[in-house]
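K.L.:
Below is a structure I'd like to ask you about.
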C-alpha cells in the first residue's frame, strides 16, 4: 500500500516572484529540507521565493523485504554497485512520481509564476525524479539542482526528450560526495557525462569526505546557484 501527504509550502516572506520545488531523498521527508530553507532565509536573500517541499509516498521496498519507507520509487535490488541501481529500475514508480512533480510545476504556472522562475532541487531519488520531470517536460524552467543522484531511465532517456526541448540551455548543478556508498560518485559522474552527450551543459562539483548526505559547502553552493538563477530580491 502506498500513502502520501500534501506538500509543505513555505510562502515567500516578501513579494513572491519565484518558486523552488525541493524533492527529498529516500527515507527523508519534506521537513529534512525545511531546516535548510530556514537557514538560507536567515541571510535575507530569498525572501521573494516560495518553497514547495513535496513528501514522497510511504511504500514497501522490495530490498527491505516489504519494510515501508518514504520513497519516490521502489528499490528492486541493490548490492552497492552502479549497475545494480541502473539495471533494476521501478519504471512504473518513477513515471508516477515524475508526473506528480510535473503537475506541481503546472499548478505553480497556473497560479501565476512564470515557468522560467521555477527551479527544481533534489537529493538522491528526489533529484533523479527532478531531472527526469524537468528535462522531459513542456515548460522552460529556471534551473535544476541534482545532489547525490543519477540519471534514471538512462537506456531510453534521450528518446523521452521533447523534439523541441525548451530546457536545452537550462542551468544544471550536479553535486556528489566522494565517499557516497549508496549512490557511487562514479554513477553521478557518468550521469553528468550522459547529459553532456545529449547536449546539456551541467556543472559538476564533488565534496571530499562526504558520503550520501549534504554538507555545508554543498548547501552554500546550492544557495549561490539559486541566487544566481532567481536573484536576491
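What follows draws every value from the coordinates through simple rules; no lab data is involved. Every value quoted in this text rests on a predicted model; they were computed, and no experiment measured them. As a convention, Cβ positions derive from the backbone with ideal geometry for all residues, glycine included, and neighbour counts pool all protein chains shown.
K.L.:
Could you say whether any residue in segment 117-125 is touching a helix residue (DSSP H, G or I) at 6+ places or on another chain (Cβ under 6 Å), outside any strand (DSSP E or B) and in contact (Cβ under 8 Å) with a residue 12 or more places away in the chain?
P.N.:
No; the residues of segment 117-125 include none that is touching a helix residue (DSSP H, G or I) at 6+ places or on another chain (Cβ under 6 Å), outside any strand (DSSP E or B) and in contact (Cβ under 8 Å) with a residue 12 or more places away in the chain.
The rows are residues; the columns are (1) closer than 21 Å to residue 75 by Cβ; (2) touching a strand residue (DSSP E or B) at 6+ places or on another chain (Cβ under 9 Å).
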{"site": "129", "(1), (2)": "yes, yes"}
{"site": "160", "(1), (2)": "no, no"}
{"site": "164", "(1), (2)": "no, no"}
{"site": "175", "(1), (2)": "no, yes"}
{"site": "178", "(1), (2)": "no, yes"}
{"site": "182", "(1), (2)": "yes, no"}
{"site": "188", "(1), (2)": "yes, yes"}
{"site": "208", "(1), (2)": "no, yes"}
{"site": "229", "(1), (2)": "no, yes"}
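K.L.:
From 74, 47, which residue is part of a loop (DSSP other than H, G, I, E, B), touching a strand residue (DSSP E or B) at 6+ places or on another chain (Cβ under 9 Å) and touching a residue at least 12 places away in the same chain (Cβ under 8 Å)?
P.N.:
Answer to the selection: 74.
K.L.:
Let me ask something else. Quickly run through segment 176-233 and pick out the residues that are in a strand (DSSP E or B) and surrounded by fewer than 20 Cβ atoms within 10 Å (Cβ to Cβ). Talk me through it step by step, then tell me what you get.
P.N.:
Going residue by residue through segment 176-233, those that are in a strand (DSSP E or B) are 176-177, 202-207.
Answer for segment 176-233, where residues must be in a strand (DSSP E or B) and surrounded by fewer than 20 Cβ atoms within 10 Å (Cβ to Cβ): 202, 203, 204, 205, 206.
Residue-wise test of (1) without any contact (Cβ under 8 Å) to a residue 60 or more places away in the chain; (2) closer than 30 Å to residue 180 by Cα; (3) not in a helix (DSSP H, G or I).
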{"site": "20", "(1), (2), (3)": "no, yes, yes"}
{"site": "25", "(1), (2), (3)": "no, yes, yes"}
{"site": "33", "(1), (2), (3)": "no, yes, no"}
{"site": "40", "(1), (2), (3)": "no, yes, no"}
{"site": "66", "(1), (2), (3)": "yes, yes, yes"}
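K.L.:
Please determine whether any residue of segment 109-119 is under 15 Å from residue 85 (Cβ atoms) and either surrounded by fewer than 24 Cβ atoms within 10 Å (Cβ to Cβ) or under 8 Å from the mean Cα position of the chain (by Cα) (or both).
P.N.:
Step one: filter segment 109-119 for residues under 15 Å from residue 85 (Cβ atoms), giving none.
No: segment 109-119 contains no residue that is under 15 Å from residue 85 (Cβ atoms) and either surrounded by fewer than 24 Cβ atoms within 10 Å (Cβ to Cβ) or under 8 Å from the mean Cα position of the chain (by Cα) (or both).
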